[in-house]
Amino acid sequence: MPPRPAAARMKRTAAHPRHAAASPRHTAARLRHAAAAVGILLVLAGCAPATAIPEASAPASPAPSSHSRDWTGLPAAAGVDYQLGGAYEPADGVGIVGRDRAAEPAPGVYSICYVNGFQTQPGELETWDAELLLHRDGDVVFDPDWPDEALLDTSTAERRERIAAVVVPWIEGCADAGFDAVEFDNLDTYTRSDGALSLDDNLALATAFVEAAHDAGLAAGQKNSAEDAAALQADAGFDFAVTEECAVYEECQAYTAVYGEAVIDIEYADELPRPFAEMCADERSPASMVLRDRDLLTPADDGYVFEPCPM
């Protein structure tokens, strides 16, 4: 699998449609049992199986629901690093690390696996069946700010099932590699589909992804999409959130109101409206917040920035 590009994905919200503690690894077998597979198909068809839905005020480490294998919730108020641009040894005091699904998890810390679940990855367009790409007037629809990423067509149960057939093995691969959790990006593709996709379409697919993650022994996190946090947690069953620049755009409480302390925020050094220390001290900011360079460089690169909030 080719690695994700180094440039950090710019966040998007309703107001701004497009802006620029160690945990044991899971050792259970990763193959899904037949009942879980049937449950995913029901979810994709829009008929969610009867499962326990976490409350909107989910604690930082919620207990696994009865249908899932053992998984560990996000450590509360832990130091965090976001390494999608390249893996390196975490600094002292870091308890959570996010890396691309093509990378190995960081040893000795809670490791989150990045999956682009609703758009194609750069360089992977040709690996997708053209029928699963969203089309308008005969042309593939691309993310306007990520022109090498095509939107996946989540508009029908049949297409969602086929998309899941591609993505679920990635999720299981994250578990096999030793990650503790998986985060799903681009949950909000419906907002740039010109009405071709809906929130309900993406919720149905997201629910299937969360079920697959839990069955594989992984916690499941939403990436960005502040305006949909309540629905994503209540309807799809997400356990935590990974946000970009929620402090800059004053929307962190949209996440913490839903996930409590189970929120990670990445701020970028090129667009800070005030000193990062002030942002860390702001009671509205998540405890697990870090300042990074937007390209998410490694310490060996010029321009690398890494500054955690004091714990």
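Which whole-Hz ³J(HN,Hα) couplings does the range 238-255 yield from phi under the Karplus relation 6.51 cos²θ - 1.76 cosθ + 1.60, θ = phi - 60°, glycine and proline marked x?
Each residue of the range 238-255 in turn: 4, 9, 7, 10, 10, 10, 10, 6, 5, 6, 4, 9, 6, 10, 4, 5, 5, 8 Hz.
In debye, nearest 20, what is the charge dipole magnitude of the range 171-265 about its Cα centre with +1 on Lys and Arg Cβ and -1 on Asp and Glu Cβ, if you could check?
Dipole size: approximately 60 debye.
For the range 208-311, what is the accessible area per residue in Å², given a 1.4 Å probe and the full set of protein chains?
33 Å²
Would you kindly state how much longer the chain becomes between MET311 and ASP137 on full extension, computed as 0.36 nm times their sequence separation minus their alpha carbon distance, in nm to one decimal?
57.4 nm
Taking the highest mean first, how do the peptides 125-136, 145-156 order by number of other beta carbon atoms within 10 angstrom per residue?
145-156, 125-136
Which whole-angstrom value gives the distance between the alpha carbon centres of the range 182-196 and the range 237-277?
19 Å
Apply the Karplus parameterisation 6.51 cos²θ - 1.76 cosθ + 1.60, with θ equal to phi minus 60°, to every residue of the range 210-218 and state each ³J(HN,Hα) to the nearest whole Hz, in sequence, with x for glycine and proline.
5, 4, 5, 4, 4, 5, 7, x, 10
Would you mind getting the accessible area per residue of the range 65-173, heavy atoms of the protein chains only, 1.4 Å probe, in Å²?
38 Å²
Given a Förster radius of 35 Å and the C-beta distance between SER155 and ALA281 as r, what FRET efficiency does 1/(1 + (r/R0)^6) yield to the nearest 0.05?
Step by step, r from the Cβ atoms, then E = 0.20.
Out of residues 5 or more away from TYR114 or on other chains, whose amide H comes under 5 Å of its own, with H placed 1.01 Å from N in the peptide plane?
Amide H neighbours of TYR114, under 5 Å, 5+ apart: ARG99, ASP100, ARG101, GLU183.
Run the simple label-point estimate for ASP92 and GLU104 please: 7 Å along Cα→C-beta, distance reported in nm.
The modelled label-to-label distance comes out at 2.4 nm.
Report, to the nearest whole %, how much of the accessible area of the range 241-291 belongs to carbon and sulfur atoms, 1.4 Å probe, protein only.
46 percent
The values are calculated or read from the model by the stated rules, or taken from the named source; none is laboratory data. Quantities reported herein were computed from a predicted structural model and do not represent experimental measurements. Neighbour counts are summed over all protein chains in view; Cβ atoms, including those assigned to glycine, are modelled from backbone coordinates with ideal geometry. What goes into the accessible areas is simple: the full protein's heavy atoms, side chains included, and nothing from ligands, DNA or RNA. Shrake-Rupley method; radii C 1.70, N 1.55, O 1.52, S 1.80 Å.
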